[in-house]
1. Which pairs have Cβ atoms under 9 Å, sit 6 or more apart or on different chains, and link a residue in segment 79-106 that is among the polar types (S, T, N, Q) to one that is open to solvent by less than 60 Å² (accessible area, probe 1.4 Å)?
2. Are there any pairs, at least 6 apart or on different chains, whose C-beta atoms fall under 7 Å, with the first in segment 108-120 and farther than 10 Å from Gln82 by Cα and the second open to solvent by 80 Å² or more (accessible area, probe 1.4 Å) and among the basic types (Lys, Arg), and if so, which?
3. For the condition surrounded by 10 or more Cβ atoms within 10 Å (Cβ to Cβ) and outside any loop (DSSP other than H, G, I, E, B), what is the one hit in Glu103, Glu85?
4. Here is a check on your reading of the model: is Arg110 open to solvent by 100 Å² or more (accessible area, probe 1.4 Å), of a type in the set (Lys, Arg) and modelled with pLDDT under 85?
5. Just wondering, is there one or more residues in segment 49-71 that are at pLDDT below 75, outside any helix (DSSP H, G or I), hydrophobic (A, V, I, L, M, F, W, C) and open to solvent by 80 Å² or more (accessible area, probe 1.4 Å)?
Amino acid sequence: MRAGGYWGRMHTTQTGTAHEQMAAAGSVAGAVVIVLCGLLITGAPVWTVPLGIRVRRREPAPPERAEQPTLPESGPVREERQMREPSEVPRATGKRDRPTPHELGNAPSRPREDQTRPDWNPGSSGSFGSGGSDTT
């Protein structure tokens, strides 16, 4: 091979150009930044554990068994079910006559006269599906 050319330049004994020195300094600074970020990422959770322990110690203790709520003397509170009838919404005659939600306000309802629960009709859809037929 010839002494000059690509291979000749690769094996020179120079200490390095300004660009090489800047690149080396940049890689050292980059390594320092990576190490510092790694320490921060690992140190943050380690620091939060003692902080959480200190916060937990300052909180009041859970109530004792005697301090727990008790049932009222009348017994447990029961759920009351009522069938309700919605109020009528005024019909719009034209596009501009439609009431907006703020014009309707809260939709009051009243108890229905017949409080029996409506039966489920076989073949009707219910909450999902198309209902389909009862025959398989």
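The values are calculated or read from the model by the stated rules, or taken from the named source; none is laboratory data. Just so you know, these numbers come straight off a predicted model, no measurement behind them. Every residue, glycine as well, gets a Cβ built from its backbone with ideal geometry; the counts of neighbours run over all protein chains shown. These accessible areas exclude ligands, DNA and RNA; they are computed on the full protein's heavy atoms, side chains included. Shrake-Rupley method; radii C 1.70, N 1.55, O 1.52, S 1.80 Å.
1. Ser87/Ser109
2. What qualifies is Ser109/Arg84.
3. Of Glu103, Glu85, the one residue that is surrounded by 10 or more Cβ atoms within 10 Å (Cβ to Cβ) and outside any loop (DSSP other than H, G, I, E, B) is Glu85.
4. Criteria met by Arg110.
5. Let us first name the residues in segment 49-71 that are at pLDDT below 75, namely none.
Checked against the condition, which is being at pLDDT below 75, outside any helix (DSSP H, G or I), hydrophobic (A, V, I, L, M, F, W, C) and open to solvent by 80 Å² or more (accessible area, probe 1.4 Å), segment 49-71 yields no hits at all.
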